[in-house]
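**Student:** Got a structure for you, questions after.
Bear in mind that the values in this text are calculations on the coordinates, not laboratory data. These numbers were taken from a predicted model, which means no experiment stands behind them. Cβ coordinates were reconstructed from backbone atoms using ideal geometry, including for glycine residues, and neighbour counts include every protein chain displayed.
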Amino acid sequence: MNQVIRVATHGGPDALRIAEIADAAPGPGEVHLRQTHIGVNYIDVYFRTGLYRPAQLPFTPGLEAAGEVLAVGDGVAHLQPGQRVAYVGGPPGAYARERVISADRVVALPDAIANDQAAAMMLKGMTAHMLLERVCSVGPGDRVLIHAAAGGVGLLLCQWARYRGATVIGTVGSAQKAERAQAHGCHHTVRYREESVSERVQALTDGAGVQVVYDSVGADTLTASLACLARRGLLVSFGQSSGAPPAIEVGQLAAGGSLFLTRPSLFDYIGTPAELQTAADALFERVTAGDLQVDIDSEWPLADAAAAHERLEARQSSGSIILRP
């Protein structure tokens, strides 16, 4: 029997319940994995609460993990039993000791990347790659604002943006998180609980604003994000940890200085095996070269997934949260 986390009804963290289900064998194009580390992400919360709808109830959450190949189905040529691998992508189902998944979502891990690193960074690191190199190619001289700069995605964004030569401003909720963000490439931090984000950003940029804002927070930050942008600046809304962002009238973008707004999803940028492998290679290269440090906030037994979600939603974490089956 396989041990998994199941959600029978949408709700709070207590909706995450440990269960046992029958083992499965891989079909054509599939791979059977023994998972050693599982990434916890805010998108898992969205599925748990019903903001994002799974295909059916009950379901098992989770979109990334790392482990070892146990068996491969017919037609799978790029993976073999005993190989260390990681994956990111749907459908949900990662919160499990073992999993059968489509092989085209799975990539081999280089020797330099540990399993816990991979589970902590696949979704978050590929998101950073998408945001900085695909959605908007950030480079030297650019000024960027990163909300939740000490979070799992935020720490990787700060490092990658600085690697690409940008001036990095990050919002944080405490002095401790400010220190952490600065240690990971953030040039300036803004304590959003104590000061106006837009006023501080305008002061730091001599009134010019930033070329790009990366906003994963949503309801609490979107208005301030628009006020931080330079003329013809880009607001990238890629999450809503504080709730759905408010509606924006098209005229607001013109009034703010011919602004741009986009709402990207990682899975539209890694939709093919080739796109997935390209993003993974870029991430592995930056980590192996030492340009990105992958921080693990905490590890939890699979049975304690509810406690891991509580920590994530309370904004207590700094870095990635992972589960151990």
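**Student:** Within a Cβ distance under 12 Å of S298, other residues only, what is the Lys/Arg minus Asp/Glu net charge?
**Tutor:** Values: positive: R311, R324; negative: D116, D295, D297, E299, D304, E310.
Net local charge, S298 excluded: -4.
**Student:** Starting from 0.36 nm per residue, how many nanometres of slack lie between A24 and F260 once their C-alpha separation is accounted for? Don't skip to the end; give the middle numbers.
**Tutor:** Working: separation 236, 0.36 × 236 = 84.96 nm, distance 4.66 nm.
Extra length from A24 to F260 when fully extended: 80.3 nm.
**Student:** Additional query: Rank G256, V212, A96 by how far each Cα sits towards the positive end of the charge dipole of the chain (+1 on Lys, Arg Cβ; -1 on Asp, Glu Cβ) and give me just the farthest.
**Tutor:** The one lying farthest along the dipole's positive direction is G256.
**Student:** Still on this structure: If each of T49 and A71 carries a label point 7 Å out from its Cα toward its Cβ, how far apart are those two points in nm?
**Tutor:** 4.0 nm
**Student:** Hey, got the dipole for region 224-325? About the Cα centre, +1 on K and R Cβ, -1 on D and E Cβ, debye to the nearest 20? Could you put the intermediate results ahead of the total?
**Tutor:** Details: 7 positive and 12 negative charges, 91 e Å.
Rounded to the nearest 20 debye, it is 440 debye.
**Student:** Turning to a different aspect of this structure: Given Cα pairs under 8 Å that are at least 6 residues apart, what percent is the relative contact order of the chain?
**Tutor:** On the way: 725 pairs, mean separation 58.7, N = 325.
This gives 18 percent for the chain.
**Student:** In vacuo Debye scattering of region 140-263, one point per C-alpha: log10 I(q)/I(0) at q = 0.09, 0.10, 0.13, 0.14 Å⁻¹?
**Tutor:** -0.21, -0.26, -0.44, -0.52
**Student:** At a temperature of 25 °C and a viscosity of 0.890 mPa s, determine how fast region 7-155 diffuses translationally according to Stokes-Einstein, using the Kirkwood radius over alpha-carbon pairs as Rh; express D in µm²/s, rounded to the nearest whole number. Walk me through the intermediate numbers first.
**Tutor:** Details: Rh = 16.7 Å.
In µm²/s, the coefficient rounds to 147.
**Student:** If you don't mind, another one. Using all C-alpha to C-alpha distances in the chain, build P(r) with 20 Å bins and read off the rounded percent in each one.
**Tutor:** In whole percents, the pair-distance histogram is 33, 56, 11, 0.
**Student:** Using label points projected 7 Å from each Cα along Cα→Cβ, tell me how many nm separate Q293 and D111, to one decimal.
**Tutor:** Between Q293 and D111, the label points sit 2.6 nm apart.
**Student:** Moving on to the next point. Report, by chain and number, residues whose modeled amide H sits under 5 Å from the one on Y192, excluding near sequence neighbours (fewer than 5 apart, same chain).
**Tutor:** Close amide H contacts, sequence-distant or interchain: V172.
**Student:** Once the other residues with Cβ under 14 Å from the Cβ of R105 are scored (Lys, Arg +1; Asp, Glu -1), what is the net sum?
**Tutor:** Working: positive: R99; negative: E30, E64, D104, E275.
With Lys, Arg at +1 and Asp, Glu at -1, the neighbours total -3.
**Student:** Convert each backbone phi in region 71-77 into a coupling constant with the Karplus relation 6.51 cos²θ - 1.76 cosθ + 1.60 (shift: θ = phi - 60°), then list the ³J(HN,Hα) values in order as whole Hz, x for Gly and Pro.
**Tutor:** Once θ is set to phi - 60°, the couplings for region 71-77 become 7, 10, x, 4, x, 8, 10 Hz.
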